[in-house]
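Chemist: Quick one: structure below, then a few questions.
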Amino acid sequence: MIQAFLEYLQHEKRYAAHTLKSYRADLLQFEAYLQMQYEIEDLKKVHAVYIRSWLVHLINKGNTNKTLNRKLSSLKSFYKFSLSRDLLTQNPASKIVAPKVKKRLPEVVRADDLQNDFDWMNCYDFEILRNYLVVELLYQTGMRRAELLALKLSDINFMQSKCKVLGKGNKERNIPLGAELISLIKHYLKIRSDYLKDLQAEAESIEHLIEHVIITMKGKKAYPKLIYRIVNSDLSRSATNKKKSPHVLRHSFATHLLDSGAELNAVKELLGHSSLAATQIYTHNSIKQLKDLYKRAHPKGA
């Protein structure tokens, strides 16, 4: 049953590999608990009381409500799928209430901290230019790290000033690119081409025709830790945030748009969110900005 469910998520829902890994781990953990605690090996024989018992077991082991919610979500999706395929007659997880999770506001970098007077037009160092472009692409488009890593040369439409991004669940969206960002990309690609030609001259194994926009110093596709290091290093020089990750730039992109009067639905589309609820969390930061402005500017705001 678990294998059938995972194949459904992979081939029909087209979930990412790391998401599939999480689902698999959660379900196998639940299966192991049933065998150990109740000597039950058939997931069809599960009742709600067993699921509640598992959640209590997880709480006693120090798991947070956020972790419990994720594991319970995996279980509910699994049983919902099994019910739809007539593998079960009832869903034992349907009446289990998820514990409440306190929502944390996304951490955002101040707009002033992201203003950079770097003279990229006169920069011909591939590594410096690539690192600068990584930060600018993440902040100016709001794309996820995985989306940046997957971005190919063919995904950028210079004529229409936009790029095509493949998001979660293989959902495709187009993101507009500003004139300066377009110029930066063009300059980078020229330096990138020259750099790859030099690499090719030194080693025949170099893939000088690699299709991905962001590449390593060895001419290969970039990887998640490289992007993190680039962003962390850049933000460490200017921002005071505790978190200095690629996702902070995505949060900043959304918050700064809303602060400047962008419509929530437009920001939702740019971020590639499936529901408005996921985007609404950024409005809290915008409201906080308005409150701070009110306190500073209104005669009785203090």
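The values are calculated or read from the model by the stated rules, or taken from the named source; none is laboratory data. Note that the structure is a prediction, hence the values are computed from the model and not measured. So basically every Cβ, Gly included, is an ideal-geometry build from the backbone, and we count neighbours across all protein chains shown.
Chemist: Anything in region 84-141 that is within 27 Å of residue 177 (Cα to Cα), at pLDDT below 90 and of a type in the set (Lys, Arg)? List them, or say none.
Modeler: Listed by number, the list holds a single entry, 110.
Chemist: Moving on to the next point. Show the residue pairs that are 6+ apart or on different chains and have beta-carbon atoms under 6 Å apart, the first residue being within region 57-72 and within 18 Å of residue 92 (Cβ to Cβ), the second being at pLDDT 95 or above and of a type in the set (D, E, K, R).
Modeler: If the second residue must be at pLDDT 95 or above and of a type in the set (D, E, K, R), the pairs left are 71/26.
Chemist: Further, regarding this structure: Check whether at least one residue in region 81-88 is touching a residue at least 12 places away in the same chain (Cβ under 8 Å), outside any helix (DSSP H, G or I) and surrounded by 13 or more Cβ atoms within 10 Å (Cβ to Cβ), and report yes or no.
Modeler: Checked against the condition, which is being touching a residue at least 12 places away in the same chain (Cβ under 8 Å), outside any helix (DSSP H, G or I) and surrounded by 13 or more Cβ atoms within 10 Å (Cβ to Cβ), region 81-88 yields at least one hit.
Chemist: Right, residue 52: part of a helix (DSSP H, G or I) and either on the phi > 0 side of the Ramachandran plot or not aromatic (Phe, Trp, Tyr) (or both) or not?
Modeler: So residue 52 fits the description; yes.
Chemist: Let me ask something else. Would you point out which residue out of 89, 141 is in contact with a Leu (Cβ under 9 Å, 6 or more places away or on another chain) and assigned by TED's automatic domain parsing to the domain that holds residue 222?
Modeler: 141
Chemist: Between a first residue in region 2-28 that is modelled with pLDDT of 95 or more and a second residue that is assigned to a loop (DSSP other than H, G, I, E, B), which pairs have beta carbons less than 8 Å apart while being 6 or more apart in sequence or on different chains?
Modeler: Every condition considered, the pairs that remain are 23/15.
Chemist: Let me ask something else. Pull up region 38-56, narrow it to residues that are at pLDDT below 90 and surrounded by fewer than 11 Cβ atoms within 10 Å (Cβ to Cβ), then point me to the one that is farthest from residue 78 (Cα to Cα).
Modeler: Within region 38-56, the match that is farthest from residue 78 (Cα to Cα) is 41.
Chemist: Restricting to region 158-177, and then to whatever is touching a residue at least 24 places away in the same chain (Cβ under 8 Å) and surrounded by 15 or more Cβ atoms within 10 Å (Cβ to Cβ), can you tell me which residue is nearest to residue 9 (Cα to Cα)?
Modeler: Among those residues, the one meeting the criterion is 168.
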